[in-house]
Every structure is written in C-alpha cells, then in structure tokens.
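This report concerns only the one structure given below.
Laboratory data are not the source of any read-out in this text; all were calculated from the coordinates shown. Owing to the predicted nature of the structure, the values given are computational and were not obtained by experimental measurement. Cβ atoms come from the backbone with ideal geometry, glycine included; neighbour counts cover every protein chain shown.
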Amino acid sequence: MADTKNILYVQTSNLPERQYSPLVLAQSAKAMGLDAGVYYLGMGLTVLKPGAAEEMQLGSFPTVAEMLRKTLDMGITVYVCEASKQMLGWETVELIEGVKIVGAATLNDLALDADATMWF
C-alpha cells in the first residue's frame, strides 16, 4: 500500500486577501485523501488571536474564522511558530483553540517530510 502524500501550506501574512488560499487548499487536499498541515509564522500569527479572523471576510466566502474552524474540524493541524511569538513580543498570548505551538525547527522537519510545500 502506498504512503499518503503530504502537503504543507505555510502562511506568513496577516493580509485578508492572503488568508483563504492555504485554508481552501488544505481542505481540498484533505478531501482528496492527502495529509495536509498549515504552518503560521511571522505576521501570520496575528490572524490566530481570538476575534481577529472574525473581522476578515472577502466576497461571498465565509469569514476567515469560519475557514480556520472548518480546517481544524477536518483534522488538519494548524501549527504556530514559537519563535514568531517571541518575535512579536508575545510572552503570553491567547490564540484560537486547537492550534499547535511548535518550535521553529518543526517547520524544517515538516518541509523535509512533505511531498510539496506552498508558501503564502
């Protein structure tokens, strides 16, 4: 039996227009039977603060908060870079429920293990 293919989507931005692609693609990958993960770093972390994603909505799409919730509910891991938290000066910060805070080296490991990576 063949191993399941794995795609890693990396979100570096907090711009509303850049939020949808990695979430839609991760959800699509999961629906196709692929393993997918979304890794947030840099300014992308600000989207994960409670209330921030509720304010983001483009066109007829659901809010980014709804997209994040669906992504997590589908079993897609949403990673948060610990070093980026430190860069933003967040010693303690509340983030949306369900995200996984990991070390910076985890991104290297995930990228090396992935069959493909996409950066946003």
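With the alpha-carbon atoms of the chain aligned to their principal axes, the span from lowest to highest coordinate is 44, 36, 21 Å, starting with the largest.
Using unit Cβ charges (K, R positive; D, E negative) and no other charged atoms, how large, in debye to the nearest 20, is the dipole of the chain about its Cα centre? Please report the intermediate quantities before stating the final value.
On the way: 8 positive and 14 negative charges, 32 e Å.
It comes to approximately 160 debye.
For LYS30, the lysines whose Cα comes closer than 26 Å to its Cα, not counting residues fewer than 8 places off in the same chain, are LYS5, LYS49, LYS70, LYS100.
Modelled spin-label separation between GLU17 and ALA111, with each label point placed 7 Å from Cα along the Cα-to-Cβ direction: 2.6 nm. When the chain is described by a simple charge dipole with +1 on each Lys and Arg Cβ and -1 on each Asp and Glu Cβ, the residue from GLN57, MET43, THR106 located farthest towards its positive end is GLN57.
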